Amino acid sequence: TTEIYTLSLHDALPISGAVGNVNHAEDVGLSGIVDIAAGANHTCAVNAAGAMWCWGINDNGQFGNGNTSGSLGPQAVALGVVEDITAGLEHTCGTVDGQARCWGRGADGELGTGTLVGSPVPVAPVGVSSNALLTAVHNYSCAFGIDGLECWGSNARGQLGRDPTIVRTAPTDRKSVV
């Protein structure tokens, strides 16, 4: 069986009145996990059946469960069959029921919906193919699929591979550069 442990060398996250310093590994009580993603202050894990659990801070809806309540321990998130997940700073992306989806913070366009609005439930990045491999990083996201490499979100340091270095609220096709 696969066991998941969390470790923090910083003050405990302000969830449900938690305080103090946690400096030891702690078993979170999940087994059979096949995928795990950790953002700045949230973590999500998926088992072989496609069930997902998240824990940590959820103030931007990064769990994808429709609310912004955090959790000190794993909280089941009913999204459908989750095949893979990836986490950015305060957003999460994954393949849900065979479709590319992102949720959480969207202030930098990291959800790829064409807006600067976040979502506490999964939304579809504009034009991303269903079989795309997703990655969420800090405040931007990318997908690689049959349509090539596409990225969206913050471009403050040119990380999307495009000029000008401005926020891209929807996927930016880069197949000519791949």
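The values are calculated or read from the model by the stated rules, or taken from the named source; none is laboratory data. These numbers were taken from a predicted model, which means no experiment stands behind them. Don't worry about glycine lacking a Cβ; one is built from the backbone with ideal geometry, like all the others, and counts go over all protein chains shown. Just the protein is used for accessible areas: all its heavy atoms, side chains included, with ligands, DNA and RNA removed. Shrake-Rupley method; radii C 1.70, N 1.55, O 1.52, S 1.80 Å.
The table that follows gives values for the structure above.
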read-out: Trypsin sites (Lys or Arg not before Pro) restricted to region 72-178 and DSSP loop, no more than 10 other C-beta within 10 Å; value: R157
read-out: Region 78-178: C-alpha gyration tensor shape, a/c 1.5 cut-off, then a/b vs b/c; value: oblate
read-out: Simple spin-label estimate for A49 and D97 in nanometres, 7 Å along Cα-Cβ; value: 1.8
read-out: Of all accessible heavy-atom area on region 46-178, the percent that carbon and sulfur account for (1.4 Å); value: 53
read-out: Solvent-accessible area per residue for region 47-118 (1.4 angstrom probe, square angstrom); value: 35
read-out: Contour minus Cα-Cα distance for D27 and V121 (0.36 nm per residue); value: 31.1 nm
read-out: Size of electric dipole in region 25-178: Cβ of Lys, Arg +1 and of Asp, Glu -1, about Cα centre, debye, nearest 20; value: 380
